[in-house]
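Please read the structure below before turning to the comments.
FYI, it's all coordinate maths here, none of it is from the lab. Keep in mind the model is a prediction, meaning the values are calculated, not measured. Neighbour counts are summed over all protein chains in view; Cβ atoms, including those assigned to glycine, are modelled from backbone coordinates with ideal geometry.
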Amino acid sequence: MSRRYIATDPSRPFSDAVLIDERTLYLSGRIGLKPGTNEVPGTIEEEAHLVMQDVRRILGCAGMQLEDLVFLQVFSPDVSLWAAFNEVYREYFSGPMPPRSFIGSGALLFGAHFELQGIAVKDQVAS
Amino acid sequence: MLAGLSASCQQLPRANPPLPVAGAPFSLAVEAGDTLYVSGHLGLDPATDKPPSDPTQEARQVMTAIRATLEQHKMTTDDLVSVQVFCTDLSLFNVFNKEYVTFFHKPYPARAFIGVKDLLYGARFEVMGTAVRHTAENKKQPPALP
């Protein structure tokens with residue numbers, strides 16, 4: 001029984017992710033900020049790329065990849081961005097994509113248009 | 001309800017029964033193996049079923065409610081591994097955080113903080129999460145950074 005906390009910024013009141021028994025990874029809500037800032041980029045497309053890269057980065061800290069996601073929630077204050085988000089999202093997957101919800105929310109922190117929170121499982125049984 | 005489940009589902013290991021909520025179509029928490037799935041909790045004043053006028057008080061109240069549910073399953077807030085906070089007013093982010101951190105020993109659970117339009121009963125915060133048994137005792141080990 002092990003717990004590994006991935007916390008790239010210990011001043012925050014949350015961990016980036018928590019890995020249980022080296023197998024199940026609970027990710028925190030991820031936002032597509034410009035690196036090193038608390039600002040979202042100028043375009044929706046760029047923000048979608050940044051948030052996907054951020055999710056991939058945190059998965060990588062646990063030795064996992066996007067294909068290991070088993071559950072993903074996307075929160076967006078503007079559901080009209082669904083298609084634009086999907087277009088970018090698809091580029092990050094080559095095989096089957098994880099179950100996902102896309103939820104219209106209120107405003108998100110830092111004026112973000114997307115916040116992603118998910119669960120990944122390592123060593124899924126090969127089919 | 002159980003009658004509708006297959007035999008294998010009925011044998012799902014479960015140390016405690018789900019916590020029912022009077023008259024509500026959900027349980028406060030359900031345990032499956034070592035994992036406890038905790039429903040969305042609100043920080044209402046039990047006397048009035050309304051949120052306290054002070055958001056700080058409401059933040060403390062909602063986390064106290066979460067802790068009470070965990071304790072019914074012999075778990076603590078340090079067993080939480082993932083938390084979702086839904087909030088009707090993002091300007092309360094720091095107010096919430098100030099109370100939130102007092103309920104944990106570091107390192108903190110993963111968390112999302114999501115703005116929403118409305119919550120039931122006029123609440124400002126709704127908190128739900130997932131806890132895994134024995135996480136609290138693992139916190140005594142130094143946390144591993146990437």
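Observations on the model:
- Here the strands (runs of 3 or more DSSP E) wholly within segment A:31-127 that include at least 3 residues being within 23 Å of A:VAL18 (Cα to Cα) and within 14 Å of another protein chain (Cβ to nearest Cβ) are A:69-76, A:115-121.
- Subset of segment B:25-62 (residues that are in contact with a strand residue (DSSP E or B) (Cβ under 7 Å, 6 or more places away or on another chain) and of a type in the set (A, V, I, L, M)): B:LEU28, B:ALA29, B:VAL30, B:LEU36, B:VAL38, B:LEU42, B:LEU44, B:ALA59, B:VAL62
- Any hit, segment B:91-98, residues being more than 8 Å from chain A (Cβ to nearest Cβ), surrounded by fewer than 15 Cβ atoms within 10 Å (Cβ to Cβ) and either of a type in the set (Lys, Arg) or touching a strand residue (DSSP E or B) at 6+ places or on another chain (Cβ under 9 Å) (or both): yes
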